[in-house]
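Asks: My structure is below; once you've seen it, I'll send some questions.
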Amino acid sequence: MCIPFEPKNIIVTGGCGFIGSNFVHYVVNNHPEVHVTVLDKLTYAGNPENIASLPKDRVELVVGDICDSALLDELIPGHDAIVHYAAESHNDNSINDPFPFLRTNVEGTYRLLESVRKYNIRYHHVSTDEVYGDLALDDPARFTEQTPYRPSSPYSSTKASSDMLVRAWTRTYGLRTTISNCSNNYGPYQHVEKFIPRQITNIIDGRRPKLYGSGENVRDWIYTEDHSSAVWDILTKGRIGETYLIGADGEKSNIEVLRMILRAMGRDADDFDWVADRPGHDRRYAIDSSKLRRELGWKPQHTDFAAGLKRTIKWYVENESWWRQAKAATEEKYQRNGQ
Ligand code: NAD
Ligand code: DAU
């Protein structure tokens, strides 16, 4: 039987980004005994506003780079665990300029692992289902922990590389690690470069939403709070050295999601533009999360996608000041790419 791990002081890297900040909210709201140190470089994707409402005695923000080993030496002693979210996370950016992805996702993970080795601290590595490549639209299969790695984009290849480093450091040096690979998240605080927030904010701004390629590509959507609860369960109850896939049975084609957004916002379901496809665009992701459910008793709470989408739309409508500053520059970048 596995003895539950009960961390009191954790470091969350990338805790000012979309999923990292949602995880920090989840920990503060559900685990009053835990203090969180957020380590975040505050790139274009990191926003301290995401955690500004949380009590200062529960959450401390340290602005810095995960590649800075001297900073890690200063920071890590006194903590029980690192939950590693920090990454360059957007596929389109990785196609235009891969180098920052190599640096943060590969070198950054290497630097963290070396510190984890030095201080013998528990480490959870947050990864993505994209490391498995894609599935055909009509393939009955879903990804499992046994699916071979076959990443397609510069982004997913750097995430796959970082997973490999974690596995090698665990086996060679006996580190106490776990890895999770999750499907597409949606919810509050997601940058307007990503599919769902981009379309919602385009509609608010009176622009037409933009759909890549044929719109048939399928993503397996999970509400971000469900990702947070799964990561918490893996950190505290997961078996050391194991990988767990996280998903909520939320497969939908992009055109289906876009039409749901348009209808929910009172627009005609065909009121969008077809734009240039993403090079190497993965067709379909689908997660079989039965290992996580069976071993750790996890299950998602937000399985009504239409309701989650409405809540997300409401959040962007009510929090225009949060996304306004990033919107124009994001759209200029897309326009330069014909998207
Ligand atoms: P995001 O781009 O919204 O946030 C990334 C955060 O990391 C930002 O706050 C940024 O400032 C910080 N950061 C970047 N480089 C850094 C560095 N060198 N040092 C310190 N901080 C740095 O990303 P996200 O969508 O929240 O994704 C978080 C993690 O979850 C990533 O590892 C990603 O691969 C993984 N993931 C994302 C999804 C998804 O749907 N978005 C799904 C599965 C897994
Ligand atoms: O599967 C998990 C991954 O999900 C994470 O690892 C990544 O960090 C995260 O960004 C996300 O990757 P995707 O590439 O699937 O997400 P994105 O929001 O960029 O796009 C979702 C789908 O929508 C994809 O098929 C491309 C399409 N798309 C995207 C944009 C921005 C459009 O059709 N139009 C758009 O304007």
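Every read-out reported here was derived from the displayed coordinates using simple, explicitly stated rules and does not represent laboratory data. Since this is a predicted model, take the numbers as computed values, not measurements. In this analysis, Cβ positions are derived from the backbone assuming ideal geometry, glycine residues included, and neighbour counts consider all displayed protein chains.
Asks: Name the residue, out of 107, 130, 74, 114, that is surrounded by 20 or more Cβ atoms within 10 Å (Cβ to Cβ) and out of contact with any strand residue (DSSP E or B) (no Cβ under 8 Å at 6 or more places or on another chain).
Replies: Residue meeting the stated conditions: 130.
Asks: I've got another one for you. Within the stretch 251-261, take every residue that is near ligand 2 (Cβ under 10 Å from one of its atoms) and assigned to a helix (DSSP H, G or I) and give me the one that is surrounded by the fewest Cβ atoms within 10 Å (Cβ to Cβ).
Replies: Of everything passing the filter in the stretch 251-261, 255 is surrounded by the fewest Cβ atoms within 10 Å (Cβ to Cβ).
Asks: When the stretch 262-308 is examined, which residues are found to be buried (at least 16 other Cβ atoms within 10 Å of the Cβ) and in a strand (DSSP E or B)?
Replies: Matches in the stretch 262-308: 275, 284, 287.
Asks: Look at residue 248 and say whether it is among the small types (Gly, Ala, Ser), in a loop (DSSP other than H, G, I, E, B) and touching a His at 6+ places or on another chain (Cβ under 9 Å).
Replies: It is true that residue 248 is among the small types (Gly, Ala, Ser), in a loop (DSSP other than H, G, I, E, B) and touching a His at 6+ places or on another chain (Cβ under 9 Å).
Asks: With the requirement that a residue be acidic (Asp, Glu) and either under 25 Å from residue 246 (Cβ atoms) or not in a loop (DSSP other than H, G, I, E, B) (or both), what does the stretch 186-230 give you?
Replies: 193, 216, 220, 225, 226
Asks: Continuing with the same structure: Given the condition near ligand 2 (Cβ under 9 Å from one of its atoms), surrounded by fewer than 21 Cβ atoms within 10 Å (Cβ to Cβ) and not hydrophobic (A, V, I, L, M, F, W, C), answer yes or no: does some residue in the stretch 203-212 qualify?
Replies: Within the stretch 203-212, one or more residues are near ligand 2 (Cβ under 9 Å from one of its atoms), surrounded by fewer than 21 Cβ atoms within 10 Å (Cβ to Cβ) and not hydrophobic (A, V, I, L, M, F, W, C).
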